[in-house]
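Here the structure comes first, spelled out in structure tokens, and everything after it is commentary.
The numbers here are math on the coordinates, done by the rules we state, and not lab data. Just so you know, these numbers come straight off a predicted model, no measurement behind them. Cβ placement follows ideal geometry from the backbone for every residue including glycine, while neighbour counts extend to all protein chains displayed.
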Amino acid sequence: MRRRLHELLSAGPVDTTENRSGARESGPVRSVEGGSADADFLGARSSSPDPQRADSTGAPSRNARRGRSRRGDSRSGASARGRVGPVAAGSEGDAWETEAGASRSTSERAPVGGTVEQAKEACLRLLAVRARSRAELLNRLAAKGFTVEVAESAVARLAEVGLVDDAAFAEQWVHARHTFSGKGRQALAQELRRKGVAQEDAAPALAAISTDDEQARATDLVRRKLRTLPRDLDRDKAIRRLVGMLARRGYSQSTAYTVVKAELAAADHEPADPHGLDDLGEP
């Protein structure tokens, strides 16, 4: 035993340079992920952590994160060159779905053919807003895609229960437009024709407006217009403006001249002259 100790002491310290150089020559073992393998992978724990893997707090070092970022960008670039990304494919799919959805919505709004019940529901929605003539309802149903047979059947059923009545519609229309918009009989007759109301249904409603009613409504319009005219406005210009305003609202020429002359005289634009009507001239 003493002899063995003496041999060890006389031999000196063991030289480990060869082992270390051998390790350097063999190089670090590369992991599957491309980084250096640590001591845990070799089955032994190293006393100092690999600077490429973690810093003093155990988090990945800045260099390691930068390296992984470069590798990730490279892989993503290769993927982008090799195939169409999901964003582009998804955008095309979304556009197709949007177009298809718009087509479905259009087909629902304008059913081709449709049923009588669907046409009746469409008419009821229109009548809930305001009264409408028979022709108006038929035109709206045709615009929605209903066939002529279906539209006429739906409107006929609504007429049976009194929801579609051109005579009643004409009466309501004439009263509202004359009272609130100041329309004369000529303008009202044109509006009813445009809405498809027959002459036999429009005539009683127009006859409800008497000549006195027209003159009273025209007088009110002229008085309102006079408030906006300059006091020093030339007489002929005042006549043209007032008569033209009444003509555009559907009043006859005789009614317009009679009302304008009386109101100009009352406003002291000219002396009251019962024979001055012939001197007003054409507008």
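Of note:
- Counting beta carbons within 10 Å around each of 124, 141 and listing the fewest first gives the order 124, 141.
- Full-stretch length increase - residue 203, residue 229 - with 0.36 nm per residue and alpha-carbon distance subtracted: 5.7 nm
- Each of residue 252 and residue 157 was given a label point 7 Å from its Cα along the Cα-to-Cβ line. The distance between the two points is 4.6 nm.
- Global form of segment 210-269, assessed from the alpha-carbon gyration tensor, a/c cut-off 1.5: prolate
- Note, ³J(HN,Hα) from phi for segment 198-212, Karplus 6.51, -1.76, 1.60, rounded to Hz, x at Gly and Pro: 5, 4, 5, 8, 7, 4, x, 5, 5, 5, 5, 8, 7, 5, 5
- The H on the amide N of residue 184, modeled in the peptide plane, is under 5 Å from the matching H of 250, 251, each at least 5 residues off or on a different chain.
- Within-9-Å neighbourhood charge of residue 173 [Cβ basis; K, R +1; D, E -1]: 0
- The per residue volume of the convex hull around the alpha-carbon atoms of segment 116-164 is 60 Å³.
- Fewest-first ranking of 147, 255, 219, 228, using other Cβ atoms within 10 Å as the exposure measure: 228, 147, 219, 255
- Förster-model FRET efficiency, 45 Å R0, residue 262 and residue 194, C-beta, rounded to 0.05: 0.90
- Over segment 165-209, the Kirkwood radius and the radius of gyration, each from Cα atoms, give a ratio Rg/Rh of 0.90.
- Ascending count of other beta-carbon atoms within 10 Å, so fewest first, for 210, 153, 133, 181: 210, 181, 153, 133
- Too-long pairs where the Cα-Cα distance tops 18 Å, listed order kept, from 195/225; 120/144; 183/237; 120/195: 195/225; 183/237; 120/195
- What the phi angles of segment 149-166 give under the Karplus curve with 6.51, -1.76 and 1.60, with θ = phi - 60°, is a coupling list of 5, 5, 5, 5, 5, 5, 5, 5, 5, 5, 5, 5, 9, x, 7, 10, 8, 5 Hz, glycine and proline written as x.
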